[in-house]
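Visitor: Structure in structure tokens, see below.
The values are calculated or read from the model by the stated rules, or taken from the named source; none is laboratory data. For clarity, every value in this text was computed on a predicted model and none was experimentally measured. Methodologically, a virtual Cβ is constructed for each residue, glycine included, from the backbone with ideal geometry; neighbour enumeration extends over all protein chains shown. Surface accessibility is based on the protein's heavy atoms, side chains included, excluding ligands, DNA and RNA. Shrake-Rupley method; radii C 1.70, N 1.55, O 1.52, S 1.80 Å.
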Protein chains: 2
Amino acid sequence: MDLPVVNGSISGLPVYFGRKGWPVDQEIPLSWDNDCPRGKGAYAPTGSGGPDEGSLETVAEVTLKDVALASGCSIATVSRVLTGTRPVGAETARTVRAAAERLGYRPNEVARALRSRTTGTVGLVLPQITNPFFPSLVRELEHALHAEGRAVLLADCDDDPAIEAARIATFLGRRVDALLLIPVDERRSREAVAAAAARVPLVLLDRGCGTGVADSVAVDNAAGMALVLEHLAATGRRRPCFVGAAGTASAAVERRAAYEAGAAALDPAAPGRVALGDFSVAWGRAAADRVWPSRPDALICANDLIAAGALQRLRQLGADVPGEIAVTGFDDIPLAGLADPALTTVRQPVGELAAEAARLLSRRPSDGEPGPRHTVRLAPQLVVRGSSVPDDVVAGV
Amino acid sequence: MDLPVVNGSISGLPVYFGRKGWPVDQEIPLSWDNDCPRGKGAYAPTGSGGPDEGSLETVAEVTLKDVALASGCSIATVSRVLTGTRPVGAETARTVRAAAERLGYRPNEVARALRSRTTGTVGLVLPQITNPFFPSLVRELEHALHAEGRAVLLADCDDDPAIEAARIATFLGRRVDALLLIPVDERRSREAVAAAAARVPLVLLDRGCGTGVADSVAVDNAAGMALVLEHLAATGRRRPCFVGAAGTASAAVERRAAYEAGAAALDPAAPGRVALGDFSVAWGRAAADRVWPSRPDALICANDLIAAGALQRLRQLGADVPGEIAVTGFDDIPLAGLADPALTTVRQPVGELAAEAARLLSRRPSDGEPGPRHTVRLAPQLVVRGSSVPDDVVAGV
DNA sequence: GCAGCATGGGAAAACGTTCTCCGGAAACTT
DNA sequence: AAGTTTCCGGAGAACGTTTTCCCATGCTGC
């Protein structure tokens with residue numbers, strides 16, 4: 001059984017046939033040689049011809065042409081068999097599949113992309129992968145996209161709109177089918193985002209970027225903040241104070257606005273008690289210093305990082321959390337459960353966020369523009385932990 | 001000045017010319033029209049011809065052919081001008097560049113990849129992006145690779161070797177130029193990794209995967225553990241205990257071995273005091289419960305997650321950290337600085353890790369196999385914080 | 001005056017697919 | 001039995017680059 005000089009299927013790596021795979025009728029072909037032209041070595045893969053012709057190690061890629069030659073039919077037929085684009089005679093199909101498997105054929109996605117004008121890749125552009133809220137989002141997105149056969153090109157912008165624009169441009173040059181984007185800045189990202197949205201389907205994630213620029217999916221920040229306020233009211237807090245982030249980022253604005261809208265129910269003076277910095281642990285610490293002297297009984301932080309910083313400093317200041325003061329966060333990053341006391345926070349529905357983004361992507365018809373923009377808001381969930389309620393109560397419920 | 005019906009340069013997106021860019025002699029061409037064939041609308045981009053011919057919104061991609069037509073020279077010449085592969089007359093070059101810019105030409109990277117047999121992409125495959133050590137590594141890798149003009153395809157394996165193999169296969173199908181891989185498992189990842197390494201340059205990161213399989217770069221775990229033990233010895237600890245991870249992952253094995261090798265210097269019985277679970281916070285908590293009754297004076301954890309869990313539980317058990325017992329971690333994830341007390345740990349040189357990986361990738365000559373495998377070990381750094389030494393001492397130094 | 005040689009430019013062949021024609025044969029209609 | 005449809009398969013044109021030839025031209029050195 002002398003096989004021609006080509007590489008067999010790579011061990012451990014499942015061979016990929018066509019984009020839809022076959023119905024699993026496999027049936028191992030017992031009669032390989034019936035159609036194989038001239039048994040011994042008359043066939044060699046295309047690319048060869050260099051000096052090290054017979055080398056078993058370094059072997060040119062197996063192409064459709066090779067499979068066609070080996071199975072004695074045309075390139076077109078092989079393509080049809082493997083992609084299932086058109087019905088092919090049962091006998092021929094078997095021969096072709098056998099040849100493909102024997103040679104270890106793996107389609108060249110680049111050629112496929114060029115011809116079919118779709119690369120099967122999605123660009124994922126985000127401000128800072130080190131922001132602890134993003135990894136879980138990236139994970140869900142990656143899974144959702146790979147599940148539909150698309151690959152993810154990743155870009156980290158280092159929180160710089162200029163880098164962001166450059167990465168977007170790079171991805172467009174690479175002909176991504178779509179872009180998933182968490183904009184760095186509501187305002188300064190806008191131009192690049194709008195330009196990109198005109199060329200490929202683009203979904204904004206987590207943060208907005210002006211209105212009408214692109215589809216977007218995010219958590220309902222107002223609803224989340226309302227959950228927090230409701231919880232604090234129910235547990236008897238009456239002097240809340242908001243520690244948020246300045247700037248125009250949509251999360252910052254929406255959460256602040258929702259606080260101001262809802263806090264009056266606890267205390268008419270509450271909406272005015274607001275301290276603004278950025279979304280960082282350091283600001284959380286600083287805010288605690290600034291705010292603690294006025295003895296609020298609840299610190300509503302715009303995200304978990306701020307809350308973690310505040311929590312840390314409050315403890316150092318000798319405050320009793322949650323006895324004297326409750327602290328709440330937003331996002332439910334992994335850190336939240338580890339803080340001491342564990343942080344009451346608003347959990348973003350990360351999985352649904354990702355699923356919805358993927359759904360929006362595939363709905364939009366590949367060329368830019370047409371159709372109105374969709375904005376999806378997903379309901380968050382309140383996670384009550386020890387920072388707002390004594391531990392025994394948490395456990396008791 | 002009636003321009004032909006094509007899209008101008010996309011606002012906000014810098015136009016990309018050739019892979020090396022030009023020497024910046026730019027000099028804005030004042031005489032555009034001198035070579036442009038027949039001024040008014042005689043020219044239209046290739047793809048058009050459909051019903052909505054004159055639509056300004058939806059426009060076919062501008063190709064080399066379009067630029068060639070517009071600038072009155074051949075495709076070959078345009079290509080040469082824009083990529084700089086061969087010298088071209090100054091006059092012609094100017095005309096071509098002007099036309100390219102005017103039409104908003106952007107090279108099709110897919111076609112380029114097909115022809116030149118190199119995609120400029122690198123696959124990054126990792127076990128779990130949600131592992132808090134990885135985001136900063138991913139960030140550095142992304143920056144290092146984008147800096148040399150390569151794009152990053154990301155895959156998250158959900159800690160499953162089967163998914164890992166599938167992702168690797170997908171990436172190979174997409175013809176990545178190279179693979180960067182943090183293997184899920186020392187043993188079960190091996191087959192797929194070895195097969196992939198035979199086809200493209202592959203660098204193992206952070207964790208090993210059997211010997212001689214591929215290039216690899218990681219922190220020097222032994223050196224890191226030695227730093228910790230040295231520090232603990234210097235601060236008078238004499239009854240250390242190691243909380244590590246079972247299994248064959250190289251980080252787990254190496255750190256454990258290093259502890260066992262070095263702990264005897266503190267206490268002849270120390271090397272035996274070892275508790276093994278996994279790399280999780282939950283295990284850290286459980287380990288604290290199990291180990292505290294025997295009153296060690298130092299808990300050396302195999303990573304920061306374990307340490308964070310142990311720290312939390314020790315505090316709940318009423319232990320005085322660092323008074324009665326010191327706790328140390330490994331990796332210096334962001335969480336480490338936020339724990340209370342802040343965690344003494346070993347910082348991995350993430351930036352250098354990434355740089356070294358990128359360097360190894362570009363050194364290996366693109367086809368698999370040849371040349372011996374390189375293994376790079378980078379020196380870690382001890383970060384002393386409050387969990388091993390009283391805060392005033394830390395601040396004092 | 002002519003071989004030799006840079007120099008600048010074009011035609012056309014790849015790269016590996018997909019997909020549109022087209023033709024022949026077999027299977028149905030009337 | 002002739003027309004019509006269906007089925008199967010092949011040739012070959014794209015897709016948008018890069019690159020290899022090849023041909024002009026003008027210049028140098030003899």
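Conditions tested, residue by residue: (1) surrounded by fewer than 21 Cβ atoms within 10 Å (Cβ to Cβ); (2) under 37 Å from the mean Cα position of the chain (by Cα); (3) within 25 Å of B:Thr170 (Cβ to Cβ).
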site: A:Val62; (1), (2), (3): no, yes, yes
site: A:Leu69; (1), (2), (3): no, no, no
site: A:Pro87; (1), (2), (3): yes, yes, no
site: A:Glu91; (1), (2), (3): yes, no, no
site: A:Thr95; (1), (2), (3): no, no, no
site: A:Ala98; (1), (2), (3): no, no, yes
site: A:Arg112; (1), (2), (3): yes, yes, yes
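Visitor: Kindly indicate whether A:Thr130 is of a type in the set (Val, Ile, Thr), in a loop (DSSP other than H, G, I, E, B) and closer than 19 Å to A:Leu202 by Cα.
Guide: Taking the combined requirement at face value, the residue does not satisfy it.
Visitor: Do the conditions hold for A:Ser388, that is, is it modelled with pLDDT of 95 or more and not basic (Lys, Arg)?
Guide: Answer is yes for this residue.
Visitor: Mind counting the residues in the range B:135-167 that are part of a loop (DSSP other than H, G, I, E, B) and either outside the structural domain of B:Val184 (by TED's automatic domain parsing) or open to solvent by 10 Å² or more (accessible area, probe 1.4 Å) (or both)?
Guide: 6
Visitor: For the range B:328-349: of the residues being touching a Lys or Arg at 6+ places or on another chain (Cβ under 8 Å), hydrophobic (A, V, I, L, M, F, W, C) and within 14 Å of another protein chain (Cβ to nearest Cβ), which is surrounded by the most Cβ atoms within 10 Å (Cβ to Cβ)?
Guide: It comes out as B:Leu343.
Visitor: Would you mind stating whether B:Asp304 is open to solvent by less than 50 Å² (accessible area, probe 1.4 Å) and away from chain A (no Cβ under 14 Å)?
Guide: Answer is no for this residue.
Visitor: Restricting to the range A:85-115, count the residues that are at the interface with another protein chain (Cβ under 10 Å from one of its Cβ atoms) and either more than 8 Å from DNA strand D (Cβ to nearest atom) or more than 30 Å from B:Ala155 (Cα to Cα) (or both).
Guide: Looking only at that region, the number is 7.
Visitor: Please verify whether the range A:143-153 includes one or more residues that are within 13 Å of another protein chain (Cβ to nearest Cβ), of a type outside the set (Lys, Arg) and on the phi > 0 side of the Ramachandran plot.
Guide: yes
Visitor: Another one. Out of the range A:179-200, which residues are in contact (Cβ under 8 Å) with a residue 60 or more places away in the chain and surrounded by 23 or more Cβ atoms within 10 Å (Cβ to Cβ)?
Guide: A:Leu180, A:Ala197
Visitor: Something else about it: Test A:Val62 against the criterion of being in contact with a helix residue (DSSP H, G or I) (Cβ under 9 Å, 6 or more places away or on another chain), away from every other protein chain (no Cβ under 11 Å), within 16 Å of DNA strand C (Cβ to nearest atom) and assigned to a loop (DSSP other than H, G, I, E, B), and give yes or no.
Guide: Against the criterion (in contact with a helix residue (DSSP H, G or I) (Cβ under 9 Å, 6 or more places away or on another chain), away from every other protein chain (no Cβ under 11 Å), within 16 Å of DNA strand C (Cβ to nearest atom) and assigned to a loop (DSSP other than H, G, I, E, B)), A:Val62 qualifies.
Visitor: Another question about this same structure. Report yes if B:Ala270 is in contact with a helix residue (DSSP H, G or I) (Cβ under 7 Å, 6 or more places away or on another chain), of a type in the set (A, V, I, L, M, F, W, C) and touching a residue at least 60 places away in the same chain (Cβ under 8 Å), otherwise no.
Guide: No; evaluated as a whole, the condition is false for this residue.
Visitor: Continuing with the same structure: For residues that are open to solvent by less than 50 Å² (accessible area, probe 1.4 Å) and either free of Cβ contacts under 8 Å to residues at least 12 places away in the same chain or of a type in the set (Val, Ile, Thr) (or both), tally how many sit in the range B:239-263.
Guide: Matching residues across the range B:239-263 total 1.
Visitor: Could you tell me whether the range B:215-228 includes any residue that is assigned to a loop (DSSP other than H, G, I, E, B) and either at pLDDT below 95 or touching a Phe, Trp or Tyr at 6+ places or on another chain (Cβ under 8 Å) (or both)?
Guide: no
Visitor: Can you find, within the range B:116-155, the residue that is farthest from the chain's Cα centre (by Cα) among those that are farther than 20 Å from B:Ser216 by Cβ and hydroxyl-bearing (Ser, Thr, Tyr)?
Guide: Going through the qualifying residues, I end up with B:Ser116.
Visitor: A further question follows. Is there a residue being within 30 Å of A:Glu61 (Cα to Cα), crowded, with 21+ Cβ neighbours inside 10 Å and of a type in the set (Val, Ile, Thr) anywhere in the range B:215-238?
Guide: yes
Visitor: Consider B:Ala178 carefully, then state whether it is more than 16 Å from DNA strand D (Cβ to nearest atom), closer than 27 Å to A:Thr63 by Cβ, of a type in the set (A, V, I, L, M, F, W, C) and modelled with pLDDT under 95.
Guide: no
Visitor: Does any residue of the range B:122-134 turn out to be hydroxyl-bearing (Ser, Thr, Tyr), facing another protein chain (nearest Cβ under 8 Å), open to solvent by 10 Å² or more (accessible area, probe 1.4 Å) and away from DNA strand C (no atom under 16 Å from the Cβ)?
Guide: Within the range B:122-134, one or more residues are hydroxyl-bearing (Ser, Thr, Tyr), facing another protein chain (nearest Cβ under 8 Å), open to solvent by 10 Å² or more (accessible area, probe 1.4 Å) and away from DNA strand C (no atom under 16 Å from the Cβ).
Visitor: Right, something else. Would you mention how many residues in the range B:72-91 are in a helix (DSSP H, G or I) and either at pLDDT 95 or above or more than 11 Å from DNA strand C (Cβ to nearest atom) (or both)?
Guide: Within the range B:72-91, residues that are in a helix (DSSP H, G or I) and either at pLDDT 95 or above or more than 11 Å from DNA strand C (Cβ to nearest atom) (or both) number 9.
Visitor: Sort through A:Leu64, A:Leu154, A:Leu82 and tell me the only one that's away from DNA strand D (no atom under 16 Å from the Cβ) and not basic (Lys, Arg).
Guide: Going through A:Leu64, A:Leu154, A:Leu82 in turn, the sole match is A:Leu154.
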